[in-house]
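S.K.: Please read through the structure below; I'll follow up with questions.
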Amino acid sequence: MKVCTQNFGKGAQKIDVYKKLGGYANTQKILFGLSSFEVIDLVQRSGLRGRGGAGFPTGMKWSFVPRGGKPVYIAVNADEGEPGTFKDHFLMREDPHKLIEGLIIAGWALGARNAYIYVRGEFLPAIESLTSAIREAYAANLLGKNICGTKYSLDITVHRGAGAYVCGEETALINSLEGQKGQPRLKPPFPAVNGAWNMPTCVNNVETIMALPWILENGAEAYAALGTPKAGGTKVFCVSGDVKRRGVFEARLGIPLMELLESEEYCGGVVGNLKGCIPGGSSTQVLTPEECKKANLDYESLAAMGTMFGSGAVMPFNDTHGIVEMLNTLGKFYSHESCGQCTPCREGTGYAKRIITGIAKGRGHDGDIELLESISNGFTGTTICPLAAALGAPIQSYLQKFRSEFEDAILKKPNHAEARLTDDYRPEGWWE
Ligand SMILES: Cc1cc2nc3c(=O)[nH]c(=O)nc-3n(C[C@H](O)[C@H](O)[C@H](O)COP(=O)(O)O)c2cc1C
Ligand code: SF4
């Protein structure tokens with residue numbers, strides 16, 4: 001069953017095609033006959049959980065938004081900066097009207113008159129697709145004043161981000177939207193109560209919003225039935241790495257990982273010998289081949305295995321890849337993306353990166369593994385946002401599950417002479 005991707009490849013970027021495929025019909029027929037509280041109740045009963053990574057129940061988040069006073073804003077999180085994640089880009093490019101229709105539903109439920117789509121600035125094809133669809137929707141009186149002859153009005157603005165990963169964090173996104181530095185804010189207050197311009201602001205992922213037209217058309221129970229007992233619906237997975245077919249695949253929540261990787265309907269099989277898999281984006285804990293065989297792709301199953309469902313970015317890799325080099329890439333990414341507000345993140349991610357780079361270049365030292373463990377332990381609960389912990393989780397799981405590769409890299413070539421010439425040189429025992 002396809003909820004978000006059923007119009008892929010059908011030319012649904014054009015409003016007449018989207019309408020022929022059934023688009024906007026139920027919004028016009030059903031939505032405005034329901035009260036906003038009935039729509040929130042529908043979404044709560046559907047079991048829809050946020051698809052941006054944290055998996056927070058969408059209807060519950062909406063119920064926190066105060067009503068009847070200040071203006072309410074919706075911000076669609078289309079920043080999509082997590083390495084391995086590319087589903088939202090395709091969703092917006094292929095079916096922009098479904099996002100617009102989802103926003104009309106969310107806007108009506110939340111009493112919002114303004115919605116912002118905060119999109120990664122480099123996503124030019126998606127931005128073109130979105131802006132032209134928004135223009136068509138205004139012309140068809142599906143946006144703007146008195147939508148479909150009702151008293152409800154909604155404006156959508158596309159806001160291009162400048163490509164900082166941290167701006168995908170909801171409060172940094174809000175700062176950036178306001179024209180301030182893209183740095184996360186302390187929570188509470190949560191955006192649903194105090195967000196953009198100090199007004200209640202609901203931040204939701206693209207895929208979350210795009211599930212709404214299907215829920216309105218088919219009902220909460222039908223959506224809930226597609227998923228697991230604790231989370232409704234399907235999931236759009238983006239698979240990269242060592243499989244025959246990489247790309248965007250929509251499947252039921254809870255699908256076994258190996259079915260996604262091996263079935264002809266999806267990835268068509270692993271290339272080479274499976275060495276491990278990152279199940280939900282680069283910040284999630286890695287799985288060993290034995291764990292891959294037992295893993296089901298849903299929030300609870302992956303949490304029970306000590307990892308996370310995340311954004312649905314599945315990255316299987318074979319035994320041609322070195323774990324130290326993989327972690328080195330992540331260390332470079334996360335330390336570069338730190339916004340610098342919190343010491344454990346600003347300093348710690350840089351330290352961790354330098355140690356990992358040293359190990360990768362054959363300049364590792366005894367004690368480096370323990371030092372990495374200790375630094376990454378210090379990331380959790382000590383920072384404003386979870387960016388540092390997003391490096392801590394892979395560090396700890398890679399060290400735990402593939403420790404011998406780090407030990408070998410340290411033992412094999414301790415090239416101290418070379419180390420003295422580089423900026424990652426540290427005197428013996430400097431951390432003691
Ligand atoms: C460093 C960082 C980056 C994030 N990047 C994104 C992103 O690109 N897209 C996204 O939807 N959520 C991202 N999130 C999660 C958002 O903060 C937020 O939870 C999400 O947009 C809420 O939408 P949802 O409830 O529909 O999932 C990120 C979080 C962090 C800490
Ligand atoms: S954890 Fe890192 S990215 Fe997040 S607010 Fe602190 S310094 Fe910035």
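Here, each number is a calculation from the coordinates, and none is a lab measurement. All values derive from a computational prediction rather than experimental measurement. All Cβ positions, even for glycine, are placed from backbone atoms using ideal geometry, and neighbour counts span all protein chains on display.
S.K.: Hey, could you grab the Kirkwood Rh for the chain? Inverse mean 1/r over distinct alpha carbon pairs, Å, one decimal. Write out the running numbers ahead of the final one.
M.R.: On the way: mean 1/r = 0.0441 Å⁻¹.
Here the Kirkwood hydrodynamic radius works out to 22.7 Å.
S.K.: Through the Karplus equation 6.51 cos²θ - 1.76 cosθ + 1.60, θ set to phi - 60°, convert the phi angles of segment 144-152 into ³J(HN,Hα) values in whole Hz; use x for Gly and Pro.
M.R.: Values per residue, Gly and Pro as x: x, 7, 6, 4, 6, x, 8, 8, 8 Hz.
S.K.: What does the C-alpha gyration tensor say about the overall shape of segment 100-209? Classify as rounded when a/c is under 1.5, otherwise prolate if a/b is larger than b/c, or oblate.
M.R.: Oblate.
S.K.: Right, something else. Residues with beta-carbon under 12 Å from that of ASN175, excluding ASN175: net charge, scoring Lys, Arg +1 and Asp, Glu -1? Mind dumping the intermediate values first?
M.R.: Working: positive: LYS181, ARG185; negative: GLU169, GLU170, GLU178.
After counting each charged neighbour, the total is -1.
S.K.: Roughly what % of Cα-Cα distances in segment 246-332 sit above 23 Å, to the whole percent?
M.R.: On the way: 629 of 3741 pairs.
Everything past 23 Å amounts to 17 percent.
S.K.: Same structure again: Identify, among TYR138, PHE123, GLY227, the residue whose Cα sits farthest towards the positive end of the charge dipole of the chain, taking +1 on the Cβ of Lys and Arg and -1 on the Cβ of Asp and Glu, with the dipole about the Cα centre.
M.R.: TYR138
S.K.: Also, I was wondering about something else. Give me the net charge for the shell around ASN194: Cβ to Cβ below 15 angstrom, other residues only, Lys and Arg +1, Asp and Glu -1. Don't skip to the end; give the middle numbers.
M.R.: On the way: positive: LYS61, ARG67, LYS70, ARG185, LYS187; negative: GLU170, GLU178.
It works out to a net charge of +3.
S.K.: What distance in nm separates the simple spin-label points at MET1 and LYS244, each placed 7 Å from Cα in the Cβ direction?
M.R.: Modelled inter-label distance: 2.8 nm.
S.K.: Answer rounded, prolate or oblate for segment 26-175, using the Cα gyration tensor with square roots of eigenvalues a ≥ b ≥ c: rounded when a/c is under 1.5, else prolate when a/b is larger than b/c, else oblate. Working shown, then result.
M.R.: Values: a/c = 1.73, a/b = 1.26, b/c = 1.37.
Oblate shape, in that a/c is at least 1.5 and b/c is the bigger or equal ratio.
S.K.: Let me ask something additional. How much length, in nm to one decimal, is gained on full extension between ARG346 and GLU290, taken as 0.36 nm per residue of separation minus their Cα-Cα distance? Before the final figure, lay out the partial values.
M.R.: Details: separation 56, 0.36 × 56 = 20.16 nm, distance 3.54 nm.
Taking ARG346 through GLU290 to full extension adds about 16.6 nm, to one decimal.
S.K.: Can you tell me what the convex hull of the Cα atoms of segment 153-196 projects to on average, as an area in nm²?
M.R.: Working: hull surface 14.3 nm².
Mean projected area for segment 153-196: 3.6 nm², to one decimal.
S.K.: Of the chain, which part is the longest with no chymotrypsin sites (Phe, Trp or Tyr not before Pro) in a loop (DSSP not H, G, I, E, B) and with at most 16 other C-beta atoms within 10 angstrom? Before the final figure, lay out each step's value.
M.R.: Details: sites that count: PHE8, PHE64, TYR425, TRP430, TRP431.
In the chain, the maximal stretch lacking such sites is 65-424.
S.K.: Under the Karplus relation 6.51 cos²θ - 1.76 cosθ + 1.60, θ = phi - 60°, what is the ordered set of whole-Hz ³J(HN,Hα) values for segment 266-273, x standing for Gly and Pro?
M.R.: Using θ = phi - 60°, the values come out as 10, 8, x, x, 7, 9, x, 8 Hz.
S.K.: Here is a further query. For a test of the definition: using alpha carbon positions, the gyration tensor, and the 1.5 limit on a/c, classify segment 17-56 as rounded, prolate or oblate. List each step's numbers first, then the result.
M.R.: On the way: a/c = 3.65, a/b = 1.38, b/c = 2.64.
In terms of gyration-tensor shape, oblate.
S.K.: Let me ask something else. Compute the signed sum of charges (Lys and Arg +1, Asp and Glu -1) over the other residues within less than 10 Å, Cβ to Cβ, of CYS339.
M.R.: Working: positive: LYS181, ARG346; negative: GLU169, GLU337.
Spelling it out: positives minus negatives among the neighbours equals 0.
S.K.: Once amide H atoms are placed 1.01 Å from N in the peptide plane, what residues at a sequence separation of 5 or more from THR228, or on another chain, have their amide H within under 5 Å of its amide H?
M.R.: Those lying under 5 Å, H to H, from THR228 are GLY233.
S.K.: Post the alpha-carbon centroid distance, segment 316-365 to segment 1-45, in whole angstrom.
M.R.: Centre-to-centre distance over Cα atoms comes out at 43 Å.
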